[in-house]
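The values are calculated or read from the model by the stated rules, or taken from the named source; none is laboratory data. Everything quoted here is computed from the prediction, not taken from an experiment. So basically every Cβ, Gly included, is an ideal-geometry build from the backbone, and we count neighbours across all protein chains shown.
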Amino acid sequence: MNSVENILRSALSEHKNAHFLQAEKKYQQILKLHPNHADANHLLGVTFLQREDYDTAIPHLEQAIRLNPQSAAYRSNLGAAYRSSGKSHDALSHLKIAVELAPDNPGILYNLGNAFSDLEDNSQAVVHFEKSLELDAENPKVWDNYGLALKHLNRVTQAIRAHRQAIRLNSQFPEAYFNLGNALRADESFVEAIEAYRVALDQKANFADAWVNLGHTQEDLGIFDEALQSYESAIEHNPQHIEAHFNLALLRLRLGELTKGWKEYEWRLQKKSHADQWQSHSKITVEDLRKGNILIVAEQGVGDEVMFASCLADLRRLNSNLTLECDARLLQIFRRSFPNTEIVSRGTIRDRTSAFRMIALASLPRLFRNDFSSFPAQKSFLQSDENRSRFWQTQLQELGAGLKVGVSWRGGREPHVQRNRSLALEQWKPILQQQKIHFINLQYGHHEKEIREAEKNCVCQLHRFSEIDPLKELDNYFALISQLDLVISIDNATVHFAGSLGTPVWTMLPFNSDWRWFLNRTETPWYGSMKLYRQQALGDWSSVIPKISNDLLEFTKQNSHP
């Protein structure tokens, strides 16, 4: 036994000095003598864990727990190994037991918080990070991960404080500076975010994610040349960095560098969000599409599907054997508008894909939109249902004389995107108070309280129709839009619907607008009936609203009808 204790003592010494191979040999020596030595199994597993050989670590840690199920340390390290190998639920189970066995161990509480973060249960992650910090407030990694969980809960101000505390405890912590930059960007403190990313990169020059997010933030401020350099630096350090290539694509497109931009845009199909999509053939040529049956694969949101469907006529001139899949809400609209193309709902044709040559819908511009002259000068390319359109024509006429103008003021799925694009309905007051106009609510979602408050404060009326719910059904929505004199909206799917129908549409864009609207343009090649109104400074709608209000007065004079 003394010999085993001596070997164990020597192994621990090697282990503490990070001599993992020497430690491993000595733990293995002990296990040859005593296969059921719990500590040797545990520590051997830990050496593999520290060397990131998780598949080898896990069996040894599991054996240690079978020999001593009441060891919190064993449970905690097995949980860490499960986490690292992607088995988050198994990790959570063992770490919960570890915390029950050692409720005052800050390290185990921290590991449990990380397990909850892995499973996107950030509320529970915050609870356990806070418990860990109550016991040990000097661990910078806990503060940093605490900040990440807070940011996911949109508690951005607290997240910033947490990341700053992590940095106070360890000034050489590039990941904490990176995470601080992300939180500051979410808080729209762009200049400070850039400073944080710069420090992260000073400490870790090959930090590709930091280069990407630095580029993002430079774009937020309109510093496009520097953003290009940042994305290219990310690619230099990591040539296969998907987000770097994708963001470089969007920036090149925004700058009007269409050929380069569309080529890089193919990287989007390697993103996790496209994991269940068919991959576009990045090398496919126009000649390849002249023969065989072509399946155009739907992707992204309904607004994107509409915009990219403007390329369908170009493809049809090459090949009449086309099948297009789309969001189910667009099914009847596309069938009506493209009568010689087979239109199917997403996912309904996947059992016979071998019969097709496939290309993603958003890959069509790479072949057909490589300069601005290649965009067709067309008023519209989608058609509303005639019967529904007549119904809405009658409904609108019953409102009385005056223009019928649809409005929409919110959009974007992610909170920071929605804040950037949207504005409160009450800010529309100079527009909504204009006479000889009936304003129609086109905003999707539930906004009744905001509408009532705006009607009261602006002394106006916003007509709502219960038949309209674009989140569930679009044919009615399209028919209504087709009968309006004008649509005024922020950047959301509604503007794509109006533009595709040829309805006049005025689109309000933030300072750092989406790539598809390019730069410094008051019109767009995507839609002939659209006019663009751009912020002149970040977050400032004060110049946009008066401009639209004045233009609306003139539009009313020119287009008034009974």
So Gln378 fits all but one of (1) assigned to a helix (DSSP H, G or I); (2) in contact (Cβ under 8 Å) with a residue 12 or more places away in the chain; (3) among the polar types (S, T, N, Q); what number is the exception? (1)
Can you confirm whether Ala64 is modelled with pLDDT under 90, touching a helix residue (DSSP H, G or I) at 6+ places or on another chain (Cβ under 8 Å), surrounded by 21 or more Cβ atoms within 10 Å (Cβ to Cβ) and not basic (Lys, Arg)? no
Enumeration of residues in the range 98-120 that are out of contact with any Gly (no Cβ under 9 Å at 6 or more places or on another chain) and under 17 Å from Glu62 (Cβ atoms): Leu101
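For every residue, the table says whether it meets (1) in contact with a strand residue (DSSP E or B) (Cβ under 9 Å, 6 or more places away or on another chain); (2) touching a residue at least 24 places away in the same chain (Cβ under 8 Å).
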residue: Ile294; (1), (2): yes, yes
residue: Arg317; (1), (2): no, no
residue: Leu331; (1), (2): yes, no
residue: Arg335; (1), (2): yes, no
residue: Pro339; (1), (2): no, no
residue: Ile349; (1), (2): yes, yes
Failed item, numbered, when Gly292 is tested on (1) farther than 16 Å from Arg366 by Cα; (2) in contact with a Lys or Arg (Cβ under 7 Å, 6 or more places away or on another chain); (3) modelled with pLDDT of 95 or more; (4) surrounded by fewer than 22 Cβ atoms within 10 Å (Cβ to Cβ): (3)
Glu236 is checked against (1) exposed (fewer than 15 other Cβ atoms within 10 Å of the Cβ); (2) more than 23 Å from Arg366 (Cα to Cα); (3) touching a residue at least 12 places away in the same chain (Cβ under 8 Å) and fails just one. What number does that condition carry? (3)
Show the residue pairs that are 6+ apart or on different chains and have beta-carbon atoms under 6 Å apart, the first residue being within the range 30-44 and crowded, with 22+ Cβ neighbours inside 10 Å, the second being of a type in the set (S, T, N, Q) and assigned to a helix (DSSP H, G or I). Asn41/Gln63
Qualifying residue in the range 306-313 (condition: hydrophobic (A, V, I, L, M, F, W, C), touching an Asp or Glu at 6+ places or on another chain (Cβ under 6 Å) and not in a loop (DSSP other than H, G, I, E, B)): no
Matching entry among Ala40, Ala11, Ala72 (being modelled with pLDDT under 90 and small (Gly, Ala, Ser)): Ala11
Which condition breaks for Asn420 when tested against (1) surrounded by fewer than 21 Cβ atoms within 10 Å (Cβ to Cβ); (2) more than 25 Å from Leu330 (Cβ to Cβ)? (1)
Any residue that is of a type in the set (Phe, Trp, Tyr) and at pLDDT 95 or above - is there at least one of those in the range 342-358? no
Checklist (1) without any contact (Cβ under 8 Å) to a residue 60 or more places away in the chain; (2) surrounded by fewer than 17 Cβ atoms within 10 Å (Cβ to Cβ) applied to Val199, failing item: (2)
Per-region count, the range 89-117, residues over 17 Å from Glu130 (Cα atoms) and surrounded by fewer than 24 Cβ atoms within 10 Å (Cβ to Cβ): 6
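Each row is one residue, and each column tells you yes or no for (1) assigned to a loop (DSSP other than H, G, I, E, B); (2) out of contact with any helix residue (DSSP H, G or I) (no Cβ under 7 Å at 6 or more places or on another chain).
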| position | (1), (2) |
| --- | --- |
| Gln395 | no, yes |
| Gly406 | no, no |
| Gly412 | yes, no |
| Val417 | no, yes |
| Asn420 | no, yes |
| Leu423 | yes, yes |
| Ile431 | no, no |
Going through Phe465, Phe478, Phe497, Phe439 one at a time, which residue ends up being among the aromatic types (Phe, Trp, Tyr) and surrounded by fewer than 19 Cβ atoms within 10 Å (Cβ to Cβ)? Phe465
Return the total of residues in the range 342-375 being assigned to a loop (DSSP other than H, G, I, E, B) and not acidic (Asp, Glu). 8
